[in-house]
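Chemist: To start, I am sharing the structure in question, which I have written as structure tokens.
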């Protein structure tokens, strides 16, 4: 009898005292389980949505072997240069096709000719895809690289390669906009001038925006793969 009395008292306290809730109710347990299920389901939907967005709506679905795409293409400010043909070269000349921009100078003894030769060899392996691509050699030597000099130099590698020059201020502005580093210095041993410059290749998309870059060391094989990835990215 005492045991029964204690049980009745315990139930009464749990029903009247909010600090002692009944937790073993099947109804409460079912509601809690359903709530957890709904939360997990909504979380899974959100995660799948993020993954789907990255896979299907990202402008660049593939990665590059020797470089990277920018998270979002970047605007290139308007500029006015002179092409190797002596005609104006402006931002409009970047539109309608992919462009690889390489900054250098015609009297460069190693990096420039090597890189341009690799680009020519890679372009030759692209087949019909080469029609979607242009290569621009941006001269950083406004003093010596005249349009005539550039035409002779760049066409030695490929008649379809383009080149452009301008005033030191114009070149510096575009190079800075493309995140290319270039500066002139004197070789005290020889008394000759030299330029220190980036060996990166800048990727400009058909909208005339900076889309990414390729970084050395380059090989023909890796350039072909990265160029094909670039051409298929948008």
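Chemist: What FRET efficiency would be calculated for the residue pair residue 176, residue 144, taking the C-beta separation as r and a Förster radius of 35 Å, to the nearest 0.05?
Modeler: The pair residue 176/residue 144 has a calculated efficiency of 0.95.
Chemist: With a 10 Å radius around each residue's Cβ, average the other Cβ atoms per peptide and rank 155-163, 183-191, 200-208, 74-82, highest first.
Modeler: With the highest mean Cβ count within 10 Å placed first, the list reads 200-208, 155-163, 74-82, 183-191.
Chemist: Okay, moving on. Using 7 Å Cα-to-Cβ label points, what is the residue 80/residue 107 separation (nm, one decimal)?
Modeler: Modelled inter-label distance: 2.8 nm.
Taken together, the values in this text are just the output of simple stated rules run on the coordinates, not laboratory data. For clarity, every value in this text was computed on a predicted model and none was experimentally measured. Positions of Cβ are generated from backbone atoms using ideal geometry, with glycine treated the same way; all protein chains shown enter the neighbour counts.
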